[in-house]
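Down below is the structure, laid out as structure tokens.
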């Protein structure tokens with residue numbers, strides 16, 4: 001009887017090792033790989049629904065831009081109004097500021113108090129080298145710069161305490177104005193960043209006419225004011241000449257009128273005298289005509 005061979009059972013497979021916990025980075029990489037795979041295998045027949053989103057967003061952006069253009073935000077001050085020679089309205093211009101001693105003031109009030117107008121030289125920060133040089137240049141030239149009635153003020157975004165220390169230390173003869181909110185600095189277009197002044201100069205006369213509005217160096221800002229003062233002095237000299245020239249013709253015309261009157265009176269007197277002489281001559285002629293010839297001859301002989 002043949003021997004029957006039995007097959008051995010295959011050994012059971014070893015258990016799978018436990019799955020490793022994926023880190024956040026691994027999960028992110030796997031998710032990204034899945035997205036890329038889906039994008040590659042996705043059919044290109046129809047555009048995805050999300051493709052229409054940019055068009056919708058574009059229309060919305062265009063509509064928003066049009067709305068913004070139709071109603072732009074008001075600026076602090078239109079740039080074209082700050083050109084030299086233009087006249088600005090001082091009511092509410094630049095808002096309220098403060099002097100270094102704590103007095104609330106406005107640009108309009110400063111102009112009203114002045115004789116001819118206001119000079120504002122602006123500086124970035126009190127007691128720094130460049131600002132000290134600028135302030136001292138205006139200090140040293142204070143008398144000639146104010147000779148025509150302009151009032152000088154320094155203007156910055158510093159606090160009253162910082163500006164008072166600056167003024168006392170440098171012995172400045174003019175007040176320093178404090179504009180921490182930079183409202184006036186923005187209005188005169190000399191604001192540099194949040195709460196900081198750019199170096200420059202702004203000059204306005206009693207009528208609100210802008211005589212200067214520009215940035216510049218310490219020496220440059222002083223030179224601008226000197227030029228304005230020289231022009232004002234020249235204008236005053238011309239104005240002084242005008243009344244003198246206008247009075248002289250008036251005096252001359254008065255004398256001419258008096259002479260004309262005298263000439264008329266003299267003519268009338270001469271006419272009257274001439275008329276009287278003619279009357280006397282005619283009277284004598286009449287009398288001579290009435291005398292007989294003999295008597296007339298006798299009288300002629302007597303006269304001889």
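Between residue 241 and residue 214, the distance separating the two model label sites (each 7 Å from Cα on the Cα→Cβ line) works out to 2.7 nm. Extension gain, residue 33 to residue 127, is 27.7 nm, computed as 0.36 nm per intervening residue step minus the present C-alpha separation. The modelled label-to-label distance for the pair residue 113/residue 206, using points 7 Å beyond Cα in the direction of Cβ, is 1.7 nm. Counting every other Cβ atom within 10 Å of each residue's Cβ, 203, 111, 84 order from fewest to most as 84, 111, 203.
Ordered by the number of other Cβ atoms lying within 10 Å of each residue's own Cβ, fewest first, 143, 164 fall into the sequence 143, 164.
In plain terms, the residue of 202, 166 with the fewest other Cβ atoms within 10 Å comes first and the most crowded comes last, giving 166, 202. Once the chain from residue 171 to residue 81 is taken as fully extended at 0.36 nm per residue, the excess over their C-alpha distance is 28.9 nm.
Residue separation of residue 141 and residue 223 scaled by 0.36 nm, minus their Cα-Cα distance, works out to 28.5 nm of gained length. With each label point set 7 Å from Cα along the Cα-Cβ vector, what nm distance links residue 96 and residue 198? Between residue 96 and residue 198, the simple spin-label model gives 2.8 nm.
Just so you know, all these numbers are worked out from the coordinates, no wet-lab data involved. Note that the coordinates shown come from a computational prediction; the quantities given were computed from them, not determined experimentally. Positions of Cβ are backbone-derived with ideal geometry, glycine not excepted, and every protein chain shown enters the neighbour counts.
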